[in-house]
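A quick write-up on the structure given underneath.
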Ligand SMILES: Cc1ncc(COP(=O)(O)O)c(C=O)c1O
């Protein structure tokens, strides 16, 4: 463990005033959830909003409502997505049907999606991975042949837009995550949005059955949120980052998560969510543009192509080999640069899903698991960090070129010290 400036891969702004509001909400939080739901509905221009304890809870609730009105149970999801997504599908009593992705767009490989749709499919979940907008209209076009609803997973894309429409509001129903490191955070939380009257009234009925979070759990969550807000700062993050048993940044498959309504503490902590979201996304757009420009200059084109004016949660870079990705992650961990992989494998390799997914292979998802790294662009990132990150990435590429004949001989520290300024 080395004391040094250490960036988290992702972070969302939470001020002392937000924390004080959260603490107050432990005692006086009644009514805060209904206020937030009204604000979300007004801001995103939708008729129905329901705030729950997490993005997973939101997705499970949506699937339960869809499944209650249909005999279908199969849910199509990208083969490369957050492990929370299959966790939520299993929790709702449905089956996971992975579809391969295109590493260039991070969206579905549409020829595969067309081959998978049938009268057995309950819905298609379409995520905006890392805030990179998916082609929801194209997915809807394919889905409508069998009257399949599309669920827009905007967990990583709150406040992003496409053709003047907010991400999360383009499909039949959408949801955001308010988890740690998302565009805006309450420690955890999830928001369902829909304009459909039939889904809106079914969701309202379903939400009435969902329990409230216990007071003890709210206190625990409050302590965790305060600790996270302090330790996530670059001057202190070396400490939790040096404790591997905390499992920071790990993506977990756990269908047995708690499913509750958004509680008074979290709803009160979100009182200033609009300004926090806007501030966070302005910084993300600026840093994403700077990062993409610097990567383009130093590395040339290592896909996918990042879009302008996008508040990326992290900027993706795909390396030519898995070995280079591993090297980049090692260099980043040593220097505290916040560069890391995203999910370790396609979801079909999660042991609990192997029997349902069979022996199908997902080459696009495998490319992302093996060769993609993500670069931080949150509000703590500075211009110097961006130069250090691109310098480190370039160092690994240059070292690979020098050792082209024998890549296993890549030196232990292939990031040129001259490019680092910490
Ligand atoms: C794409 C995607 N969908 C769903 C979720 C679930 O959200 P939560 O962590 O709030 O349960 C996440 C969480 O990171 C996610 O990245």
Seminar exercise, completed: In region 169-186, residues that are assigned to a loop (DSSP other than H, G, I, E, B) and in contact with a helix residue (DSSP H, G or I) (Cβ under 7 Å, 6 or more places away or on another chain) total 9
Exercise. So, of the residues in region 151-168 that are out of contact with any strand residue (DSSP E or B) (no Cβ under 6 Å at 6 or more places or on another chain) and in contact (Cβ under 8 Å) with a residue 60 or more places away in the chain, which turns out to be nearest to the ligand (Cβ to nearest atom)?
Worked result: 156
For this session: Return a yes/no flag: does region 1-8 have any residue that is at pLDDT 95 or above, buried (at least 16 other Cβ atoms within 10 Å of the Cβ) and more than 23 Å from residue 379 (Cα to Cα).
Result: no
Exercise. Any residue in region 235-243 that is assigned to a helix (DSSP H, G or I) and touching a strand residue (DSSP E or B) at 6+ places or on another chain (Cβ under 6 Å)?
Worked result: no
Seminar exercise, completed: All conditions in (1) more than 16 Å from the ligand (Cβ to nearest atom); (2) in contact with a helix residue (DSSP H, G or I) (Cβ under 8 Å, 6 or more places away or on another chain) are true of residue 316 except (1)
Problem set entry | Subset of region 187-214 (residues that are more than 16 Å from the ligand (Cβ to nearest atom) and either assigned to a loop (DSSP other than H, G, I, E, B) or under 15 Å from residue 33 (Cα atoms) (or both)) | 195, 196, 204, 207, 208, 209, 211, 212, 214
Exercise. Inside region 324-355, can you point out the residues that are assigned to a helix (DSSP H, G or I), in contact with a helix residue (DSSP H, G or I) (Cβ under 9 Å, 6 or more places away or on another chain) and farther than 30 Å from residue 391 by Cβ?
Worked result: 347, 348, 349, 352, 353, 354
Seminar exercise, completed: Taking region 392-421 and keeping only residues that are at pLDDT 65 or above and closer than 30 Å to residue 185 by Cβ, one is left with 392, 393
Exercise. If residue 220 satisfies every condition in (1) over 18 Å from the mean Cα position of the chain (by Cα); (2) within 16 Å of the ligand (Cβ to nearest atom) but one, which is the exception?
Worked result: (2)
Exercise. Quick check: is even one residue across region 235-244 within 16 Å of the ligand (Cβ to nearest atom) and closer than 30 Å to residue 312 by Cβ?
Worked result: no
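The values are calculated or read from the model by the stated rules, or taken from the named source; none is laboratory data. Since this is a predicted model, take the numbers as computed values, not measurements. Cβ: placed from backbone, ideal geometry, glycine included. Neighbour counts: every protein chain shown.
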